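What follows draws every value from the coordinates through simple rules; no lab data is involved. Computed from a prediction, not measured in an experiment: that's the story for all the values here. Every residue, glycine among them, receives a Cβ derived from its backbone with ideal geometry; neighbour counts consider all protein chains shown.
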């Protein structure tokens, strides 16, 4: 599905990721875990085309590296980015319409937006409200809905639980589990290792721009033995 | 009372012209952070196109009006393609210098292929008549100008709120990269902004031509300079700010002209800009700063 090999990511002249290989199969949820500054967000930025990179990124066998940001989205890569980046100056409904802005089947898009409003009634109630007035958790739901309304082949989730209250975090992971059960392919970047491992099939641990460990989620248990690697503190 | 109504209309029509041009600057700036000083040359291009079309094709003023607007849209979109696309993403100064460069090149082309002296183009002058509404005598051009501007603003609001491209433009003013991450093509959004900017320049061009009855290489530069000030007062990058700034500037200008004694008429501009300076001390980002408007929670 998504095959990344020898990926190096650059911010200006600084190399943030030093040649990693990641692969995500159809319908899988794969987690990319690691401490701050490990290169997780950089990796996602390279996939979406917002950061400069070398190496290869293939989606369904097709090379993405030469495509622009918008073309990659049109090929099926959608992201709920770090910090959510909802359009706070647009209404909740218009944010969702932006998610499906490139689609031509407007009737289907509108009915899907209706479905999202049923699933998250709080967003439905606030459909006409400016998105900037939503709480953090609501903004996260909106960001996920916006990404999925482009009907992606793969959904990238960057720190969906960051800065949210524990009950909301639980709700977000419930949503991720549900998306997975609907067959949506997910690449998840998280700080909350235990929760991420719980929803994942496969886990990569990223440290200083390199993959330090990888394997099936079951091998990682509840993630408690990852403390050293994830905090960057070596005891 | 008559005098008051006449002067109010005067102020509104001045303000309307500034607002039209200021909106054209603001819509481009809000999306790509470019202060398009070549906007005035787009207006002049419309004027010269009118001369050419008037000589070669038709003298029908309504056909010419459509032609002028089309020429301005074409010029604006073409400038983006040729000059501004290459500096997209560069910093503010690079864009500003590019715009000045384009402006100078175009002015010189108008000088070379046109004439340094005004060329008459009087087809739109019929718009400017004195008409009587009851006992009040007013200029018809001022009414057309005010009404057209208000209609243009309403149409623009509808476009920005109801259409996908319009929404993408508003979203792009906040976070262009995120708009691209939604699969919206950057070139389309930017070309759309330049097309709207050109359309507004075309409307302004019609009214400028109706008032002047002639074209000149530098005819666009002064109005754009004033519109730039209107944008600064309103809050650069804010569309409502551009409209507000334009009208405020028009009203202030007329008020100053009325209030100043005749002998001090030459000081009108100085007084207006002193007031502008005071506004900026009170609100350095302009009255409606875009950051405030975007409603960021941060």
**Request:** Work out the mean other chain Cβ neighbour count within 10 Å for the residues of B:161-169 and drop it here as an integer.
**Result:** 3
**Asked** Once label points are set 7 Å from the Cα along Cα→Cβ at both residue A:125 and residue A:25, what is their separation, rounded to one decimal in nm?
**Response** 4.3
**Item:** Taking B:133, B:251, B:208 and counting other C-beta atoms within 10 Å, the order from fewest to most
**Value:** B:133, B:251, B:208
**Prompt:** Taking the alpha-carbon centroid of each part, what is the distance from segment A:51-90 to segment B:201-215 in angstrom?
**Reply:** 45
**Complete:** Placing each pseudo-label 7 Å from Cα in the direction of the beta carbon, residue A:105 and residue A:224 end up separated by a distance in nanometres of 4.7
**Item:** Gain upon complete extension [residue B:148, residue B:90; 0.36 nm per residue less C-alpha separation]
**Value:** 17.3 nm
**Item:** Peptides A:155-161, B:108-114 ordered by average Cβ neighbours within 10 Å, highest first
**Value:** A:155-161, B:108-114
**Complete:** Each residue of A:101-107 has, on average, a number of other protein chain C-beta atoms within 10 Å of its C-beta equal to 3
**Message:** Could you tell me the center-to-center distance, by alpha carbons, between segment B:76-115 and segment B:14-34 in angstrom?
**Reply:** 17
**Prompt:** Considering the Cα trace of chain A, what is its radius of gyration and what is Dmax, both in angstroms?
**Reply:** 17.3, 57
**Request:** Note the angle between two axes, namely the Cα long axis of helix A:106-119 and the longest principal axis of the Cα atoms of chain A, as a number of degrees from 0 to 90, rounded to the nearest 10.
**Result:** 80
**Request:** Please find the FRET efficiency linking residue A:181 to residue B:157, where r is the Cβ-Cβ separation and R0 is fixed at 41 Å, and quote it to the nearest 0.05.
**Result:** 0.45
**Request:** Under 1.5 on a/c is rounded, so check that first for chain B, then, if it is not, pick prolate when a/b is larger than b/c and oblate when it is not; a ≥ b ≥ c are the square roots of the alpha carbon gyration tensor eigenvalues.
**Result:** oblate
**Message:** If I model a spin label at residue A:210 and residue B:214 as a point 7 Å from the Cα along the Cα→Cβ vector, what separation in nanometres do I get?
**Reply:** 7.7
**Prompt:** Based on the alpha-carbon gyration tensor of the protein assembly as shown and its eigenvalue square roots a ≥ b ≥ c, which shape applies: rounded if a/c is under 1.5, prolate if not and a/b is larger than b/c, or oblate?
**Reply:** prolate
**Prompt:** For segment A:18-78, what class follows from the C-alpha gyration tensor (a ≥ b ≥ c being the square roots of its eigenvalues): rounded when a/c is under 1.5, otherwise prolate if a/b is larger than b/c, else oblate?
**Reply:** oblate
**Prompt:** Most fluctuating residue of A:154, A:47, A:122 in a GNM of chain A with Cα springs under 10 Å: which is it?
**Reply:** A:122
**Fill in**
Shielding of A:126-133 by other chains, given as the mean Cβ count within 10 Å, works out to 1
**segment A:2-231: relative contact order as a whole-number percent, Cα under 8 Å and 6+ apart** = 29
**Complete:** Across B:227, B:90, B:172, the residue with the highest GNM fluctuation in chain B (Cα network, 10 Å cutoff) is B:90
**Request:** Per DSSP H run of at least 4 residues, take -39500 (n - 2.57); add these up for chain A, divide by its residues and hand me the 222 nm value, nearest 500 deg cm²/dmol.
**Result:** -10000 deg cm²/dmol
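Cut-off is 10 Å between beta-carbons; in what order do B:35, B:279, B:179 appear when sorted fewest neighbours first?
B:279, B:35, B:179
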**Message:** Could you work out the relative contact order of segment B:2-219? I mean the mean sequence separation of Cα pairs under 8 Å and 6+ apart, divided by the number of residues, in percent.
**Reply:** 41
**Prompt:** Separation of segment B:224-276 and segment B:166-198 by C-alpha centroid, Å?
**Reply:** 30
**Prompt:** Based on the Cβ-Cβ distance of residue A:14 and residue B:278, what FRET efficiency does E = 1/(1 + (r/R0)^6) give at R0 = 35 Å, to the nearest 0.05?
**Reply:** 0.15
**Request:** Within segment B:243-273, which residues have the backbone N less than 17 Å from the label spot 7 Å out from residue B:3 along Cα→beta-carbon, could you tell me?
**Result:** B:254-265
